[in-house]
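Bear in mind these aren't lab numbers, they're just calculated from the coordinates by the rules spelled out. Quantities reported herein were computed from a predicted structural model and do not represent experimental measurements. All Cβ positions, glycine included, derive from the backbone under ideal geometry; neighbour counts span all protein chains shown.
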Amino acid sequence: METKPFQIRVGDFCANGAEVLAVMMDEQEGVVLATWKQEFITWVFPTNNQRGTAHGNYFMFNLDRDGDEREAYQRARADFLDRVATIHRRATR
């Protein structure tokens, strides 16, 4: 039986158990925004190895503090968009 390579998709779970909230890929690399336990995570990965979860930035939150999760998400979202812009700049050189 042929096994399909793992592909990161919104709503799916990564190899590390994180749930994918957003993903962007070009031909060479991609970036993901995911959530796991009480943190949001962004990381860059090569498109030919989507299981990799290296180069992560972590944005932890405390559910007991009002607005903490929202603030962590906003910081993680901004980091995701910054990483997308960086990948786009590299790809268009």
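List of remarks:
- Only helices enter this figure: runs of n ≥ 4 DSSP H residues, each worth -39500 (n - 2.57), summed and divided by the residues of the chain, yield -9000 deg cm²/dmol at 222 nm to the nearest 500.
- Sorted peptide list for 71-78, 86-93, 37-44, criterion being average Cβ within 10 angstrom, highest first: 37-44, 71-78, 86-93
- As a calculated quantity, the FRET efficiency between TYR73 and THR47 at R0 = 22 Å, using C-beta atoms, amounts to about 0.30.
- Based on C-alpha pairs under 8 angstrom that are at least 6 apart in sequence, region 3-48 has a relative contact order of 26 percent.
- Tail weight of P(r) past 16 Å, computed on alpha-carbon pairs of the chain, percent: 54 percent
- Amide H within-cut-off set for THR47, under 5 Å, with H built and near neighbours excluded: GLU29, GLY30
- Extended-chain gain in nm, criterion 0.36 nm per residue less alpha-carbon gap, ARG93 and ALA22: 23.1 nm
- Using C-alpha pairs below 8 Å separated by at least 6 residues, the relative contact order for the chain is 21 percent.
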